[in-house]
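Participant: Before I ask anything, here is the structure I am working with.
The values are calculated or read from the model by the stated rules, or taken from the named source; none is laboratory data. Quantities reported herein were computed from a predicted structural model and do not represent experimental measurements. Cβ sites come from the backbone with ideal geometry, for glycine too, and all protein chains shown count toward neighbours. We work out accessible area using only protein heavy atoms, side chains counted, and drop any ligands, DNA or RNA first. Shrake-Rupley method; radii C 1.70, N 1.55, O 1.52, S 1.80 Å.
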Amino acid sequence: MRELKIQALKYTLVGGLCTIFDIFILYILTKYMGINYLESSVISFMSGVGLNYILCIFWIFEIRSIDNRLHEFLYYVIITLGALAINTLVIWSLTQYLGVHFIISKMFASLITLVWNFTLRKFYLHNI
């Protein structure tokens, strides 16, 4: 249980760093480059994926359920695509229908995808 708490804390720190990076890219692409907020959110979301993957496998989850790195990465991509779908749906719904600013929508979506990603990665890719 102690190990799970430490991993969850580390994952929250990594997720926070990647989320800040994600939001920064989203803001720059939307505000200064004139890209639609949904397109920007997909680009920004994916820009943090590589960093998150590297930090997770080298700093957070030392135990691997899958020995083959290619298979592990493919599962990671599948989990990430699910998170991307959730992220995009939440941002779109809150911004389009409730009039919430896209950055606030992104912050809310990030909390949901944090739980999604940690849970699935922990129990499917790095199960103890």
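Participant: Take the chain, connect every pair of alpha-carbon atoms lying under 10 Å apart with a spring to form a Gaussian network, then pick out the residue of LEU55, LEU94, LEU74 with the largest mean-square fluctuation.
Facilitator: Highest fluctuation of the listed residues: LEU74.
Participant: Dimensions of the chain along principal axes (Cα, Å, largest first)?
Facilitator: 43, 28, 21
Participant: Something else about it: Can you list the lysines whose alpha carbon sits under 16 Å from that of LYS10, skipping same-chain ones fewer than 8 residues off?
Facilitator: LYS122
Participant: Turning to a different aspect of this structure: Share of the chain's accessible area from carbon and sulfur, percent, 1.4 Å? Please report the intermediate quantities before stating the final value.
Facilitator: Values: 5460 of 7510 Å².
Whole-percent figure for carbon plus sulfur exposure: 73.
Participant: With unit charges on the beta carbon (Lys/Arg positive, Asp/Glu negative), name the residue among LEU13, SER110, TYR27 whose Cα is farthest towards the positive pole of the charge dipole of the chain.
Facilitator: Ranked along the dipole, the leading option is LEU13.
Participant: Given 10 °C and 1.306 mPa s, how large is the Stokes-Einstein diffusion coefficient of the stretch 74-128 in µm²/s, with Rh as the Kirkwood radius over Cα pairs?
Facilitator: On the way: Rh = 11.7 Å.
Answer, rounded: 136 µm²/s.
Participant: Which lysines have a Cα less than 26 Å from the Cα of LYS31, not counting those fewer than 8 places away in the same chain?
Facilitator: Within the straight-line cut-off, LYS31 pairs with LYS106.
Participant: Can you check what the net charge comes to around LYS31, using other residues whose Cβ is under 14 Å from the Cβ of LYS31 (Lys, Arg +1; Asp, Glu -1)?
Facilitator: Details: positive: LYS106; negative: GLU39.
That sum, taken over residues with Cβ under 14 Å, equals 0.
Participant: Using modelled backbone amide H atoms (1.01 Å from N, in-plane), which distant-in-sequence or interchain residues come within less than 5 Å of VAL100's amide H?
Facilitator: Amide H neighbours of VAL100, under 5 Å, 5+ apart: THR95.
Participant: Hey, another quick one. Quick one: putting +1 on the C-beta of Lys and Arg, -1 on the C-beta of Asp and Glu, what dipole do you get for the chain around its Cα centre, in Debye to the nearest 20? Provide the component values of the computation, followed by the final result.
Facilitator: Values: 9 positive and 6 negative charges, 48 e Å.
The dipole of the chain has a size of about 220 debye.
Participant: With a probe of 1.4 Å, find how much accessible area the stretch 14-128 has per residue, and write the answer as a whole number in Å². All intermediate terms of the calculation are to be shown ahead of the outcome.
Facilitator: On the way: 6440 Å² over 115 residues.
Per-residue value: 56 Å².
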